[in-house]
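Novice: So that we are looking at the same thing, I have put the structure below in structure tokens.
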Amino acid sequence: MTVAAQTRSVVVEREIPQPAAKIWRALTQSHLISEWLMNNDFKAEVGHKFKLRGEWGGVLDCEVLAIEPERSLSYAWDHDNDDPLYALKSVVTYTLTPTATGTHLRVEQSGFRPEQKQAYGGAHAGWKQFLEKLETVAETVG
């Protein structure tokens, strides 16, 4: 069995009535990311290592893996934890597709092991909340 077959992905999709350029800015500008996701030191450069700091006190170690401006962004999203149920090595990928009324945003977080049911469920609920906030932030982007 391959590693990919042993993991699950959370996929959350949302139609946002904003052009991809505005959503892209919300996804790639550090001060905007802080408004909808977490405090961070993100830079839109492949290979850039950054941290996301959650309100709960957790710190995620991340690295930009791929960038296709206004179309796709992916980064490693790793959370070290002594408890293997919460230790996570994952990849988050945002895909933007223009639509007649705005942009279709697809977020996939891959890498959840079968025993990580609580982390998987938490990510599913969390991404829905994050994307609601992202839509609000994208509305305000100039």
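Novice: Give GLY126, GLY142 a once-over and let me know the one that is closer than 19 Å to LEU32 by Cβ, out of contact with any Pro (no Cβ under 7 Å at 6 or more places or on another chain) and assigned to a loop (DSSP other than H, G, I, E, B). Spell out how you get there, then give the answer.
Specialist: Working: GLY126 fails: assigned to a loop (DSSP other than H, G, I, E, B).
It is GLY142.
Novice: Let me ask something else about it. Suppose we filter ALA5, ALA44, ALA26 for residues that are more than 16 Å from GLU139 (Cα to Cα), open to solvent by less than 80 Å² (accessible area, probe 1.4 Å) and modelled with pLDDT of 95 or more; which single one remains?
Specialist: Values: ALA5 fails: modelled with pLDDT of 95 or more; ALA26 fails: more than 16 Å from GLU139 (Cα to Cα).
Just one listed residue meets the conditions, ALA44.
Novice: If only one of GLU35, GLU55, GLU13, GLU63 is open to solvent by 70 Å² or more (accessible area, probe 1.4 Å), under 13 Å from the mean Cα position of the chain (by Cα) and among the acidic types (Asp, Glu), which one is it? Let's see the steps before the verdict.
Specialist: Details: GLU35 fails: under 13 Å from the mean Cα position of the chain (by Cα); GLU55 fails: under 13 Å from the mean Cα position of the chain (by Cα); GLU63 fails: open to solvent by 70 Å² or more (accessible area, probe 1.4 Å).
Testing whether each residue is open to solvent by 70 Å² or more (accessible area, probe 1.4 Å), under 13 Å from the mean Cα position of the chain (by Cα) and among the acidic types (Asp, Glu) leaves just GLU13.
Novice: Next question. Yes or no: region 47-67 includes at least one residue that is assigned to a loop (DSSP other than H, G, I, E, B), on the phi < 0 side of the Ramachandran plot and touching a residue at least 40 places away in the same chain (Cβ under 8 Å).
Specialist: The initial filter retains those residues of region 47-67 that are assigned to a loop (DSSP other than H, G, I, E, B), namely 47-48, 54-58.
With on the phi < 0 side of the Ramachandran plot added as a condition, the list becomes 48, 54-56, 58.
After this cut, where a residue has to be touching a residue at least 40 places away in the same chain (Cβ under 8 Å) as well, the list is none.
There is no residue in region 47-67 that is assigned to a loop (DSSP other than H, G, I, E, B), on the phi < 0 side of the Ramachandran plot and touching a residue at least 40 places away in the same chain (Cβ under 8 Å).
Novice: For residues that are in contact with a Leu (Cβ under 9 Å, 6 or more places away or on another chain) and part of a helix (DSSP H, G or I), tally how many sit in region 33-46.
Specialist: 3
Novice: A follow-up question, please. Checking GLU135 against (1) at pLDDT below 95; (2) crowded, with 16+ Cβ neighbours inside 10 Å, which single condition isn't satisfied?
Specialist: All conditions pass for GLU135, except number (1).
Novice: Just for region 107-116: of the residues that are open to solvent by less than 30 Å² (accessible area, probe 1.4 Å) and in a strand (DSSP E or B), which one is nearest to ARG14 (Cα to Cα)? Walk me through how you get there before you give the answer.
Specialist: Our first condition is that a residue be open to solvent by less than 30 Å² (accessible area, probe 1.4 Å); within region 107-116, this holds for 107, 109, 111-112, 116.
Imposing the further condition that a residue be in a strand (DSSP E or B) reduces the set to 107, 109, 111-112.
On the way: VAL107: 9, GLN109: 15, GLY111: 21, PHE112: 21 Å.
Only one residue fits best here, namely VAL107.
Novice: Any residue in region 68-89 that is in contact with a helix residue (DSSP H, G or I) (Cβ under 8 Å, 6 or more places away or on another chain), over 18 Å from LYS133 (Cβ atoms) and in a strand (DSSP E or B)? Talk me through it step by step, then tell me what you get.
Specialist: Taking region 68-89 as the starting set, the residues that turn out to be in contact with a helix residue (DSSP H, G or I) (Cβ under 8 Å, 6 or more places away or on another chain) are 69-71, 73, 85-86, 88.
From the residues that got through so far, the ones that are over 18 Å from LYS133 (Cβ atoms) too are 69-71, 85-86, 88.
Checking the rest, the ones that are also in a strand (DSSP E or B) come to 88.
Yes, that holds for at least one residue.
Novice: Ok, one more. Is there any pair linking a residue in region 78-100 that is loosely packed, with under 12 Cβ neighbours inside 10 Å to one that is among the β-branched types (Val, Ile, Thr), with Cβ under 7 Å and at least six apart or on different chains, and which?
Specialist: That search, which allows pairs on different chains as well, returns nothing.
Novice: Could you list all residues from region 91-106 that are under 10 Å from GLU15 (Cβ atoms) and touching a helix residue (DSSP H, G or I) at 6+ places or on another chain (Cβ under 7 Å)?
Specialist: THR103, LEU105
The values are calculated or read from the model by the stated rules, or taken from the named source; none is laboratory data. Just so we're clear, the structure is a prediction, and the values are computed from it rather than from any experiment. Every residue, glycine as well, gets a Cβ built from its backbone with ideal geometry; the counts of neighbours run over all protein chains shown. We work out accessible area using only protein heavy atoms, side chains counted, and drop any ligands, DNA or RNA first. Shrake-Rupley method; radii C 1.70, N 1.55, O 1.52, S 1.80 Å.
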